[in-house]
């Protein structure tokens, strides 16, 4: 089961894992107010502790550009079976990465890093290391991926500070190693000139 939204956010905050500006609405009438506070464009997503893959349930909408569109989208998301609320989030652009962890009864937590977004299932550009990891291990993980060239400003892309990606990997390792969680899925993680942001987080307990 996925961790309750507020508990999940508190856990990410405790480990100082950076997120885009994000609100959570449990009622349809709350969405427009929160959307206007954040500003457009927005991402709206369904939240349920029983839904792991939101896109399969048509539970993610990008490029929400107005209050009217936010209201209409919220109505759709609240109608999804087992919906417990709607995540309203500032939409940001950059390089998509994936960071995660999964606990094995024999080996403990394995940390994952690679190319993110929908591409993670297409090209499978991911690497693993057993937690806990340090900065040196995290750097090795980055260097083992094909997607490392994107962080360096490939073909006009925004150059990303590698140390910020390393920092996220170490923090994720600490969370997975120290806390009673079974699986962590940060996808996508958006990296740009302003930082490295976990845009979609699901933590299984």
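The values are calculated or read from the model by the stated rules, or taken from the named source; none is laboratory data. Computed from a predicted model, the values in this text were never measured in an experiment. Cβ coordinates were reconstructed from backbone atoms using ideal geometry, including for glycine residues, and neighbour counts include every protein chain displayed.
Among the residues of region 8-24, is there at least one that is under 17 Å from residue 188 (Cβ atoms) and free of Cβ contacts under 8 Å to residues at least 60 places away in the same chain? No; the residues of region 8-24 include none that is under 17 Å from residue 188 (Cβ atoms) and free of Cβ contacts under 8 Å to residues at least 60 places away in the same chain. Looking for whichever is within 22 Å of residue 2 (Cβ to Cβ) and either touching a helix residue (DSSP H, G or I) at 6+ places or on another chain (Cβ under 8 Å) or modelled with pLDDT under 95 (or both) here; the options are 205, 149, 133. Which one fits? After ruling out the rest, the residue left standing is 205.
Just one of (1) at pLDDT 95 or above; (2) surrounded by fewer than 17 Cβ atoms within 10 Å (Cβ to Cβ); (3) assigned by TED's automatic domain parsing to the domain that holds residue 166 fails for residue 67. It is (3).
Scan region 170-185 for residues that are closer than 18 Å to residue 105 by Cβ and part of a helix (DSSP H, G or I) and the total you get is 3.
Let's see how each residue does on (1) over 16 Å from residue 71 (Cβ atoms); (2) modelled with pLDDT under 95; (3) outside any helix (DSSP H, G or I):
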site	(1), (2), (3)
12	yes, no, no
19	yes, no, yes
23	no, no, yes
29	no, yes, no
36	no, no, no
43	no, no, yes
46	no, no, yes
49	yes, yes, yes
52	yes, yes, yes
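Out of everything in region 152-165 that is touching a helix residue (DSSP H, G or I) at 6+ places or on another chain (Cβ under 9 Å) and assigned to a loop (DSSP other than H, G, I, E, B), what residue ends up being modelled with the lowest pLDDT? Among them, the one singled out is 157. Of everything listed in (1) exposed (fewer than 15 other Cβ atoms within 10 Å of the Cβ); (2) in contact with a strand residue (DSSP E or B) (Cβ under 9 Å, 6 or more places away or on another chain); (3) within 25 Å of residue 204 (Cα to Cα), the single unmet condition for residue 146 is (3). For region 90-99, a tally of residues being surrounded by fewer than 24 Cβ atoms within 10 Å (Cβ to Cβ) and assigned to a strand (DSSP E or B) returns 4. For residue 77, the requirement of being in contact with a strand residue (DSSP E or B) (Cβ under 7 Å, 6 or more places away or on another chain), surrounded by 13 or more Cβ atoms within 10 Å (Cβ to Cβ) and either assigned by TED's automatic domain parsing to the domain that holds residue 99 or in a helix (DSSP H, G or I) (or both) is met.
A residue that is farther than 25 Å from residue 24 by Cβ and surrounded by 15 or more Cβ atoms within 10 Å (Cβ to Cβ) can be found somewhere in region 171-193.
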